[in-house]
């Protein structure tokens with residue numbers, strides 16, 4: 001049975017593909033980043049490493065025309081690209097395996113290793129981005145409208161669970177079996193997940209293997225898109241983002257993600273260097289926090305549909321900002337464990353840091369899920385795919401910039417009051433939502449339809 005014919009198969013496939021993106025992401029940006037931080041790597045270098053890992057996500061839009069232009073006739077529009085991306089994602093992990101002797105033991109050279117890892121992280125994420133773009137395209141192709149909301153929530157939650165596992169579980173494996181042990185686990189996970197698109201078909205009649213018979217599915221009602229020039233698409237996108245609504249929205253997202261990137265990186269330094277957590281413990285806390293984040297993502301998606309997405313985005317950013325300010329003022333207690341009986345073993349030492357880590361991820365989920373949904377609504381139908389990709393690209397740009405300039409922010413405000421400054425910023429950012437009105441996009445679409453109609457008269 002093909003994905004287009006089976007609801008269960010398409011949901012499982014899309015969620016598994018998103019899970020595959022999350023595992024290496026969590027390992028690279030949390031587990032390895034915490035390890036390097038615990039070995040004395042500066043906030044600036046850790047932030048740069050994370051920024052480079054995220055950098056390929058800022059040019060997602062480049063992949064879209066590539067996968068649309070080059071297709072493998074008979075094998076499905078998206079499936080071969082997914083297999084290729086997944087295979088290369090696994091291969092790039094070998095780079096970390098090779099550098100392992102310089103990350104531990106008597107040959108340890110953290111500074112030189114960080115320089116090498118920059119390239120490994122970048123190469124891996126180039127193809128992780130390819131997998132993400134193709135997975136999204138596959139979702140558009142095979143998901144009926146009635147499933148889009150719920151399945152997108154499940155896909156995002158799957159990525160968060162993968163990130164959580166990549167951080168927490170792989171941190172334990174790395175602690176017990178070394179970096180190479182954690183890398184080999186990931187390689188086998190990625191290769192195993194590659195088998196899913198390798199053996200499943202997009203639509204009836206597709207070839208599974210080169211020697212399989214291809215039969216065109218004449219019953220498919222897959223829409224055929226009208227060819228449009230790149231120039232006309234660019235013109236439409238420029239018009240779409242010339243609106244006050246879309247400009248304000250993308251600005252809000254950019255600033256919000258900068259604040260997130262800064263605080264995320266500085267928090268690693270606080271945990272690993274200031275209060276003296278082990279890299280494994282920090283990764284456990286940050287990783288397992290992804291579980292309530294995933295639950296919150298699913299719940300807040302439904303709440304956004306019920307009570308309004310702008311309200312949920314305001315709650316998300318406002319709550320995140322307020323928590324960051326309170327966290328800064330609790331600084332005298334960062335290095336102290338609160339007296340509670342359930343944590344007598346000391347594993348959850350410093351409950352304030354732990355509570356902040358879990359809490360901000362929950363509020364962040366409320367913002368991100370509803371931002372994704374609102375981005376779809378604010379994408380002009382005529383060029384919706386391109387506009388939506390630009391929204392996603394700008395969020396990634398903000399995250400990269402935030403990670404890159406975390407060290408500078410720490411120098412300007414100090415470690416503690418970086419959380420205060422970014423918290424105030426994130427509490428103020430939702431004010432831009434007052435300028436966001438979906439009707440502006442609707443009026444532009446109606447005007448365009450009217451002009452097209454008059455041209456044909």
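In table form, for the structure just shown:
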quantity	calculated
Relative exposure of 331, 264, 106, 111, judged by other C-beta atoms within 10 Å (fewest first)	106, 111, 331, 264
Separation of the residue 247 and residue 119 label points, Cα + 7 Å toward Cβ, nm	4.3
Tensor-based shape of the range 20-120 (alpha-carbon gyration tensor, a/c under 1.5 rounded, otherwise prolate or oblate)	prolate
Projected-area average for the range 1-210 over all orientations - Cα convex hull basis, square nanometres	11.9
Residue 377-residue 295 pseudo-label distance in nm [points 7 Å out on the Cα-to-Cβ vector]	2.7
Principal axis dimensions, the range 274-327 - Cα atoms, whole angstrom, descending	43, 24, 9
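Read-outs throughout are calculated quantities, based only on the coordinates presented, and are distinct from any laboratory measurement. Keep in mind the model is a prediction, meaning the values are calculated, not measured. Cβ coordinates were reconstructed from backbone atoms using ideal geometry, including for glycine residues, and neighbour counts include every protein chain displayed.
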